[in-house]
Structure formats: structure tokens, C-alpha cells
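One structure is given below, encoded as C-alpha cells.
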Amino acid sequence: MSLAPAPVAASEGPRGGVDPMGIRVENVWRSFGAVLAVQDLSFTAPRGSVTALVGPNGCGKSTLMLMLASLLAPDSGRVLINGVDPAQNSPAVRAQVGWMPDQFGAWDSLRVAEVLQVTGQAYFVPTAQVNQRVEELLAQMDLVPLAQQPAHVLSRGQKQRLGLARTLVHRPQVLILDEPASGLDPASRKRLLHVVREQAAAGATVLISSHILSELEEMADHVVFMDAGRAVDIASIRELASRPRPWRIASLDRDALQRALTQLKVQHSPVGDPSASTSGHAETTVVLPDEATAARLLADLTAQQAQVVSFGPATGRLEAAYLASAAAHREGAL
């Protein structure tokens, strides 16, 4: 049986018709006493895609996710989950949402398989289906050898895998994942990527927060950059390709690379000596405005006999966009 979410009836949009957005956040404010956690925040997350939530610690990401999961109410504004306002119909929203917080709360008395069984029962998964669903998820998350282990003795990474399995028990149509890759080994991270993309391909709305930007870029279709409780930038991952970022160039011959860059009048960092690099090649970095410019520069360097053996982005699209923001340079952001 597939682990894809069950079909859900299409909800009407704000002006009638089918709403293509699984998540809508409209002018939301939320404070805790004198601390303003979220302020005038608006964005949408479409169905059938993965939206990344990126920002420094304390920018309001977790507060937002708690509101989307119907565990907090906005002070003003509203959120809609598949067209339903959690403040108006919390049970309907919780039935559609799979919420994975950044910390897994384990029941000391329950074993791994029992955690999933109890979760399925809490979501009113029919009894005849619970055991089969548990078996599917244990296999999917590589938890079969741990099925009879007490949940509280699991490692951090194992708890993360169990937390994701628990999130999927009731086949939610909207996934809200807060730092799901934290503590995962490389193989488990690849499994997470596969599961997230599989859910989106089946029509689910996925909102995911992570500080591991390189892996987040592999999962996401869209990104919302947050700072100080606001959405300061919203883009598709594809659109980020047209923004400036550094590119690393490596050559077999330091002098040839230096001559070519000088001839082409390209601004660059000092060309390092091969003995000082881990690759054993002469290396430099250049900041280019987009990928089309990078392609032209590579062709020009080849024509100038620069003996280029490696040419590629020094950072990912997400990382470059985030590091270019004001939030990344604020004291305490790193």
C-alpha cells in the first residue's frame, strides 16, 4: 500500500472556485507579552509542492508552525489550511495536518510500534488499517529492528525517524515539519528527501523548516525567508538561479588562469597556489549575477586556454540568497 496521503476534497478559494493553496497566511500577528514573534506575515504554500521556511533563530518560524498546526491562535489576521481556519474548526484542520515539532516527545511506557499504533488510534484510523499502516511506516523509516524497543531509549536520529513516521500515520494532506533532518545520518537524510518529495508528488502541501540549506534546496520548490517575524523575501528555487552568488574556478595552471581572467577583465579573489588548496589545483572565486553569465564565462575561459578543470557554484542557491540578506549579518544570526 502506498504511503501517499489520501485524496481530499478541493476547498473553495477566497473568491470561489478551487483554491490551489494548501496553506494561506494572511496578515498574521502573534506576540508573547512584550515579545512580538510574528508581525504582519503573509504568504501562500501551494498544494503538490514543498515550501521551505528559512530564517535565523528567533525569527518566528516555530511560532508560525504552531499556529498552522492549530496549537496557537493568531492575535490578528488568519491562517487557512486547505481553506479551513483553525480558529473556526480546529478538529478539521488537525485531521488534515501532519505536524512534526523539532523535539520528539517520547512516552516512556511505549515501544516504537506502540507509539505509531496509539497515534493512529488518536487520529481515528480504522482499527483494521492501523496495524498495516504501522508496518508500512516502520519499513519506510527503517525502524523495523527497533519496533519493540522503548521509544525513550532511541538516539536523536532514531527519534526523528519515528517522529516523521508518527506524522504520516493518518495520511495528512498538509505536512508541517520543523527541523526534520536534525540528528539524521546521511542515509536517513536521503530517505527524508524521498519521503518529502513523494508526499508532494501525491498532492500534499509540505512546509519545512531547516538550517541545513543545501539539503533543503534539494527538497523545496519554493522558499519563504523570514526575519523578525516577517516574510522578507519569497521566491521559487528556480528563480534563485537568476540571483548573484559566488562561483569557484579551479585550473591546472595558475598563470594560465590568471592571464585569462585578466584578459577577460573579470573581478576575482586572488588565485591560490595549487600547493595551498586541498584539490591540488589553482583556485579562485568570482561573483556572477546569474547562471547564464556563468555559462558564458566558462566558454570564454576555455577559449583563453585557462586549463579549467572545475567550475561550479561555491554555495547553493538558498545559501547564497540567505547570506545576502540582512538577517544573516545580524549579530547572533550565525
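The values are calculated or read from the model by the stated rules, or taken from the named source; none is laboratory data. Given the structure is predicted, the values throughout are model-derived calculations rather than measurements. Here the Cβ positions follow ideal geometry from the backbone for every residue, glycine too, while neighbour counts run over all protein chains shown. For accessibility, only protein heavy atoms count, side chains too; no ligands or nucleic acids. Shrake-Rupley method; radii C 1.70, N 1.55, O 1.52, S 1.80 Å.
Observations, loosely collected:
- Taken over the range 314-334, the criterion of being assigned to a helix (DSSP H, G or I) and either open to solvent by less than 20 Å² (accessible area, probe 1.4 Å) or at pLDDT 85 or above (or both) is satisfied by R317, L318, E319, A320, A321, Y322, L323, A327, A328.
- Pairs linking a residue in the range 171-186 that is free of Cβ contacts under 8 Å to residues at least 60 places away in the same chain to a residue that is hydrophobic (A, V, I, L, M, F, W, C), with Cβ atoms under 6 Å and 6 or more positions apart or on different chains, are A181/L192; A181/I212.
- Check on R133, closer than 30 Å to A328 by Cα and charged (D, E, K, R): no
- Qualifying residue in the range 304-313 (condition: under 19 Å from P244 (Cβ atoms) and not aromatic (F, W, Y)): yes
- Every residue from the range 139-151 that is surrounded by fewer than 22 Cβ atoms within 10 Å (Cβ to Cβ) and touching a Ser or Thr at 6+ places or on another chain (Cβ under 9 Å): D142, P150
- Taking each residue of the range 196-215 that is closer than 23 Å to L66 by Cα and looking for partners that are aromatic (F, W, Y) with beta-carbon atoms closer than 7 Å, six or more apart or interchain, yields L213/Y322.
- Comparison of S214, S182 shows that the only residue that is assigned to a loop (DSSP other than H, G, I, E, B) and within 17 Å of the chain's Cα centre (by Cα) is S182.
- Filter result (open to solvent by less than 30 Å² (accessible area, probe 1.4 Å) and under 26 Å from the mean Cα position of the chain (by Cα)) within the range 284-313: L288, G312
- Residue check for T205: open to solvent by less than 30 Å² (accessible area, probe 1.4 Å), at pLDDT 95 or above, in contact with a His (Cβ under 8 Å, 6 or more places away or on another chain) and not aliphatic (A, V, I, L, M): no
- Test result for A256, over 26 Å from V28 (Cα atoms), loosely packed, with under 15 Cβ neighbours inside 10 Å and modelled with pLDDT of 95 or more: no
- Filtering V224, V271 for residues that are touching a residue at least 60 places away in the same chain (Cβ under 8 Å), in contact with a Ser or Thr (Cβ under 7 Å, 6 or more places away or on another chain) and not small (G, A, S) leaves a single hit, V224.
- When the range 261-283 is limited to residues that are among the aliphatic types (A, V, I, L, M) and under 25 Å from S242 (Cα atoms), the one that is most open to solvent (accessible area, probe 1.4 Å) turns out to be L264.
- One residue stands out in the range 65-91 among those that are hydrophobic (A, V, I, L, M, F, W, C) and open to solvent by less than 30 Å² (accessible area, probe 1.4 Å): the one that is nearest to I208 (Cα to Cα), namely M65.
- In summary, R94 fulfils each of the numbered conditions (1) at pLDDT 95 or above; (2) open to solvent by 10 Å² or more (accessible area, probe 1.4 Å); (3) more than 25 Å from L318 (Cα to Cα); (4) not small (G, A, S) with the single exception of condition (1).
- Cβ separations smaller than 6 Å between residues 6+ apart or across chains give the following pairs from the range 298-312 residues that are within 13 Å of Q258 (Cα to Cα) to residues that are among the charged types (D, E, K, R): Q307/D253.
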